[in-house]
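Q: Quick one: structure below, then a few questions.
Just so it is clear, none of the values below were taken in a lab; they were calculated from the coordinates. Computed from a predicted structure; not experimentally measured. In this analysis, Cβ positions are derived from the backbone assuming ideal geometry, glycine residues included, and neighbour counts consider all displayed protein chains.
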Amino acid sequence: MKKKYVLLASLCIFTSMVSIKAEAKNIRVSLPKFNITINDNLINTKNAKYPLIVYKDITYFPMTYYDMRLLGVETQWKGDDQGLFIEKSDIDGSYVPITDTLNGNIQSATIPNFPITINGKVIDNSKEEYPLLSFRDVTYFPLTWKYAVEEFGWEYNFDANSGLVIRSSKGTSTSETVINSDNVAIDAPYYYFAEANKVYSGKINSKEKPKEIFSLTDKYKGLSLTSTGGITYLSYRPDASSAKGPYYHATLKDGEVYKVHDSNNIEVHYKNGKEYLISYLQNGFSIKTEDKSRNINIKDYNLSDFYEYNNSLFMILTDKSRGTKKALYSLDEKDNLKLLSELGDDVFSYVQWDGSNMYYVKNNKGKYTIYQYNLETNETKEIQSYSNLSDGWEFRVLNGHIFLRSAETNYSLSVDGKPLNERAEMGNFEILNDFLVATFMEKPENKYRLMVIDKEGNIVYKSADITDINSLSIKDDTLYYFNLNSKKIVSSKLN
């Protein structure tokens with residue numbers, strides 16, 4: 001039977017990492033004359049800096065960092081001796097076009113002669129009927145049946161009306177709405193963004209235009225959107241030239257402004273999808289939620305942190321006369337206050353709550369130790385000690401797994417002492433609905449820029465996309481985030 005070849009695209013990586021050896025063969029290539037759609041993205045070939053090209057009636061695709069990851073392929077250059085490694089992966093990525101060029105129909109390319117390995121198989125490029133190419137210093141990959149279907153498992157279709165349509169087997173989708181703002185928050189199915197002194201809301205994948213829901217006069221500034229603790233809110237403050245004052249908080253819900261609070265009189269906290277208002281009284285303080293208000297009559301202590309579990313409120317309190325002395329109290333559903341544990345003078349205010357456990361840190365002459373306190377049994381045990389951490393280190397806990405970042409490891413992420421993402425420098429990390437989400441800096445050496453880990457410690461999502469931790473949302477095991485490069489909202493099932 002005559003072999004089938006697919007006029008597909010080819011994914012490629014920047015050969016700024018690839019040193020092409022001498023005597024590469026020059027060839028002529030052309031631009032495709034049909035439409036090409038990849039994972040629902042219509043590709044602009046006419047103005048692309050790295051356009052798709054055609055050689056010997058086969059379509060080739062540029063292997064840039066983002067283009068490769070758009071179709072779930074990872075690449076690595078291992079030097080002149082080992083060459084280029086191309087591997088099928090479960091990595092995700094959005095379409096990030098660079099359209100600053102006017103391309104002519106006929107172009108010149110070369111056939112590189114460095115070593116190539118695809119899914120563990122060594123390829124002799126000089127003997128390939130459809131070899132990898134180099135165009136504008138970027139490696140190009142041929143999408144033949146052998147590679148597109150057999151090696152990478154992509155789906156494709158070609159007809160006169162739609163042209164070439166390619167889809168990798170991923171459950172990721174990107175909204176069509178472009179949001180020209182970097183100040184974006186998502187609380188699925190709604191999204192919010194700020195422009196100047198105004199806030200707009202819209203519904204993900206809706207064709208309706210976003211609507212204005214909030215605006216400020218010139219007397220205020222610092223408008224910012226944040227998603228934390230399962231709540232989305234905006235904050236702002238008076239302009240220093242007209243007034244001095246604290247931040248204001250406005251909770252957002254169902255695409256609207258829900259409540260506005262003045263933090264001059266109260267502290268606003270968000271935990272596990274609930275809003276808590278803390279007010280200090282003459283004989284203690286009060287904690288108010290939407291359905292209940294509690295007064296805690298301990299006038300000599302300030303509230304450092306708190307947590308609701310099994311209808312009880314657990315609180316870390318700090319002695320006003322000695323700012324480092326802390327104790328753990330509980331308040332049951334009948335408002336009975338009970339001292340559970342004197343934590344001591346060397347305990348950090350920063351703690352983590354994980355199910356029935358509280359995790360806190362003590363510093364003993366530069367040795368940091370994480371302890372676990374069980375809220376049901378009142379038992380304390382030492383979990384992990386670190387003797388070489390400098391200031392600024394952080395940790396999170398999910399289902400007993402300790403996630404840590406510190407300056408000593410270039411602010412990379414580790415879980416239970418094992419490094420993740422090849423020690424890439426992190427942006428931030430948070431716990432969202434029984435998942436840990438971590439963002440990483442946009443650097444060439446960083447393999448992934450976004451990772452999601454489930455409560456069993458498994459990596460369930462990894463992407464090349466750049467996003468802000470404040471734009472992330474997880475609902476019904478679906479991840480939503482705002483891609484800072486494409487300016488679109490991306491969603492993906494976490495299963």
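Q: Taking only the alpha-carbon atoms of the stretch 332-451, what semi-axes of the equivalent ellipsoid follow from 5 times the gyration tensor eigenvalues under a square root, in whole Å, largest first?
A: 30, 18, 11
Q: D for the chain, whole µm²/s, Stokes-Einstein with Kirkwood Rh over alpha-carbon pairs at 4 °C and 1.567 mPa s: what number?
A: Taking Rh from Cα pairs, D becomes 50 µm²/s.
Q: Follow-up. Cβ under 9 Å from Ile278's Cβ, Ile278 left aside: what net charge do those residues give with Lys, Arg +1 and Asp, Glu -1?
A: The answer is 0.
Q: Given the chain, what percent of its DSSP beta bridges are antiparallel, to the nearest 5?
A: Approximately 95 percent, going by the DSSP bridge assignments.
Q: Give the residue list of trypsin sites (Lys or Arg not before Pro) in the stretch 302-359 that are DSSP loop and have at most 10 other beta-carbon atoms within 10 angstrom.
A: Arg322, Lys334
Q: Say the dipole of the chain comes from +1 at the beta carbon of Lys and Arg and -1 at that of Asp and Glu; which of Phe61, Ile106, Val397 then lies farthest toward its positive end?
A: Most positive-ward Cα: Ile106.
Q: Among the listed pairs Lys46/Lys447; Lys418/Lys447; Lys253/Lys493; Lys211/Lys253; Lys203/Lys288; Lys209/Lys253, give every one whose C-alpha distance is greater than 20 Å.
A: Among Lys46/Lys447; Lys418/Lys447; Lys253/Lys493; Lys211/Lys253; Lys203/Lys288; Lys209/Lys253, the Cα-Cα distance tops 20 Å for Lys46/Lys447; Lys253/Lys493; Lys203/Lys288.
Q: With unit charges on the beta carbons (Lys and Arg positive, Asp and Glu negative) and the dipole taken about the Cα centre of the chain, which residue among Leu303, Val260, Phe141 sits farthest to the positive side?
A: Phe141
Q: Calculate the dipole size of the stretch 25-170 relative to its Cα centre from +1 charges on Lys and Arg beta carbons and -1 charges on Asp and Glu beta carbons; express the result in debye to the nearest 20.
A: Magnitude of the dipole: close to 400 debye.
Q: Determine the dipole magnitude for the stretch 150-253: charges of +1 sit on the beta-carbon of Lys and Arg, -1 on that of Asp and Glu, nothing else is charged, the reference point is the Cα centre, and the result goes in debye to the nearest 20.
A: For the stretch 150-253, the charge dipole is close to 720 debye.
Q: If each DSSP helix of 4+ residues adds -39,500 (n - 2.57) and the sum is divided by the residues in the chain, what number results at 222 nm, nearest 500 deg cm²/dmol?
A: -500 deg cm²/dmol
Q: Follow-up question, since we're still on this one. Taking Cα pairs under 8 Å and at least six residues apart, what relative contact order does the stretch 346-421 come out at, in percent?
A: It comes to 19 percent, rounded to a whole number.
Q: Name the residue from Tyr371, Asn388, Ser341 whose Cα lies farthest towards the positive end of the charge dipole of the stretch 333-396, charges +1 on Cβ of Lys and Arg and -1 on Cβ of Asp and Glu.
A: Asn388
Q: Restricting things to alpha carbons, tell me how big the stretch 173-265 is in terms of Rg and Dmax, in Å.
A: Here Rg and the maximum Cα pair distance are 13.7, 46 Å.
Q: Relative contact order of the chain: what whole-number percent is it, with Cα pairs under 8 angstrom and at least 6 residues apart?
A: Taking the mean separation of contacting Cα pairs over the length of the chain, I get 10 percent.
Q: Please work out the Cα convex hull volume for the stretch 25-170 and give it in Å³ per residue.
A: In the stretch 25-170, the Cα convex hull volume per residue is 109 Å³.
Q: Expressed as a rounded percentage, what relative contact order does the stretch 173-265 have, with Cα pairs under 8 Å and six or more residues apart?
A: 20 percent
Q: Using the Cα centre as the reference, give the magnitude of the dipole from point charges on the C-beta atoms of the chain (Lys, Arg: +1; Asp, Glu: -1; all else neutral), rounded to the nearest 20 debye.
A: About 920 debye.
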